[in-house]
Amino acid sequence: MIKNPISTDIDLERDGVHHGHLKLPYSRDDSAWGSVLIPLAVVRNGTGPTALLTGGNHGDEYEGPIALLDLARNLDPKAVTGRVIILPMMNYPAVRAGRRTSPIDGGNLNRLFPGRPGGSTSEKIADYVTQSLLPLADIVVDIHSGGKTLSFLPFAACHHLPDHPELEARCTAAMLAFCAPYAVKLLEIDDQGMFDTVAETAGKTFVTTELGGGGTTTVQTLSIAKRGLRNVLRHAGILSGDLEAAPSQMLDVPDDRYFITARHNGMVEFLVDLGTEVKAGDLLARIYDLDATGRPPAEYHAACDGLVTGRHYPGLVQSGDTLALLAAVLDEQNL
Ligand code: CA
């Protein structure tokens, strides 16, 4: 059996606050016996549940890393019952490069789980998280945002898990405890290789988010991330006290009609902003041909009623890009 070469200088079983690294050997031209040092923190106080909090799964999404770096500095171990494992920049080479994927191996970490111990650097990270950190956790929060190419209404999310109603109920409760402005029950178009799927398959309570996007943060999205992380720790019984409540608007993405895919290359004009409610048939966007005047733009209409929850962010769009995400507006009883 191949052993994962990643090691850590932190004892995850010791009480107190510990800041250290995962050390991933990476031999290369500018560092023959070099390693990638991935920052890791643990805050532990006695026995109790363990939360695994991750960001930087994609390297151009910043609410997770910033809120988790803040939490690692400011979480008082005396206030903790159990353990909080904080991995703010999971795909560290991608975070360093400000890219979705790793510059070392092109790895899109959230498509490589459960990873391979003898694989590429990104695959080794995925394998270490799956084999060494995930089994310790009772609850997992993986903070995502839109990155450079997407922008979202700020939402916490969990998945439709029709074969596992008890797990879906646990994940839904944790998603609502996050208290983002929106809470989305999501159908993943392609769930293979995702951290989400690996965590859910292991029976872990799992919450993810999409908080803003465009490759930066706002005051609002960062405050949502910081509040949400502490709320989930309260929900898990790791921090005491009541949730800092801010009720979420419930949304549902039950099938792929809610994803609008661009089928043209060009320049995009959105006719609706994030947060607009649209009806089936409403005009959402036009894509203009860059090559000439006088040509009608391609028009994109909503296939169903819903709230505009996500959109392509840059001004230029390519065929195959997700142009927009709609979500059905629900009341809590239907979630
Ligand atoms: Ca992401």
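If you go through region 282-316 and keep only what is among the aromatic types (Phe, Trp, Tyr) and assigned to a strand (DSSP E or B), you end up with TYR288, TYR300. Any residue at all in region 229-240 that's free of Cβ contacts under 8 Å to residues at least 60 places away in the same chain and either out of contact with any Asp or Glu (no Cβ under 9 Å at 6 or more places or on another chain) or of a type in the set (A, V, I, L, M, F, W, C) (or both)? No: region 229-240 contains no residue that is free of Cβ contacts under 8 Å to residues at least 60 places away in the same chain and either out of contact with any Asp or Glu (no Cβ under 9 Å at 6 or more places or on another chain) or of a type in the set (A, V, I, L, M, F, W, C) (or both). Taken over region 88-108, the criterion of being within 14 Å of the ligand (Cβ to nearest atom) and free of Cβ contacts under 8 Å to residues at least 40 places away in the same chain is satisfied by ASN91, ALA94, VAL95, GLY107. Looking across region 198-223, the residues that are within 16 Å of the ligand (Cβ to nearest atom) and touching a Pro at 6+ places or on another chain (Cβ under 9 Å) come down to VAL198, THR209, GLU210, LEU211, GLY212, GLY214, THR221.
Do we find a residue being touching a residue at least 40 places away in the same chain (Cβ under 8 Å), among the basic types (Lys, Arg) and surrounded by 13 or more Cβ atoms within 10 Å (Cβ to Cβ) anywhere in region 278-291? Within region 278-291, not a single residue is touching a residue at least 40 places away in the same chain (Cβ under 8 Å), among the basic types (Lys, Arg) and surrounded by 13 or more Cβ atoms within 10 Å (Cβ to Cβ). Within the option set MET194, MET175, being aliphatic (A, V, I, L, M), in contact with a Lys or Arg (Cβ under 9 Å, 6 or more places away or on another chain) and either away from the ligand (no atom under 16 Å from the Cβ) or modelled with pLDDT under 95 (or both) holds for one residue only, MET175.
Each residue in region 215-263 was checked for being in a loop (DSSP other than H, G, I, E, B), out of contact with any helix residue (DSSP H, G or I) (no Cβ under 8 Å at 6 or more places or on another chain) and buried (at least 20 other Cβ atoms within 10 Å of the Cβ), and 2 of them qualify. Inside region 136-172, can you point out the residues that are within 14 Å of the ligand (Cβ to nearest atom) and not in a strand (DSSP E or B)? ILE143, HIS144, SER145, GLY146, GLY147, LYS148, THR149, PRO154, listed by residue number.
Might you check whether a residue that is of a type in the set (A, V, I, L, M, F, W, C) and in contact with a Lys or Arg (Cβ under 7 Å, 6 or more places away or on another chain) occurs anywhere in region 45-64? No, there is no match, as no residue in region 45-64 is of a type in the set (A, V, I, L, M, F, W, C) and in contact with a Lys or Arg (Cβ under 7 Å, 6 or more places away or on another chain).
The values are calculated or read from the model by the stated rules, or taken from the named source; none is laboratory data. Just so we're clear, the structure is a prediction, and the values are computed from it rather than from any experiment. All Cβ positions, glycine included, derive from the backbone under ideal geometry; neighbour counts span all protein chains shown.
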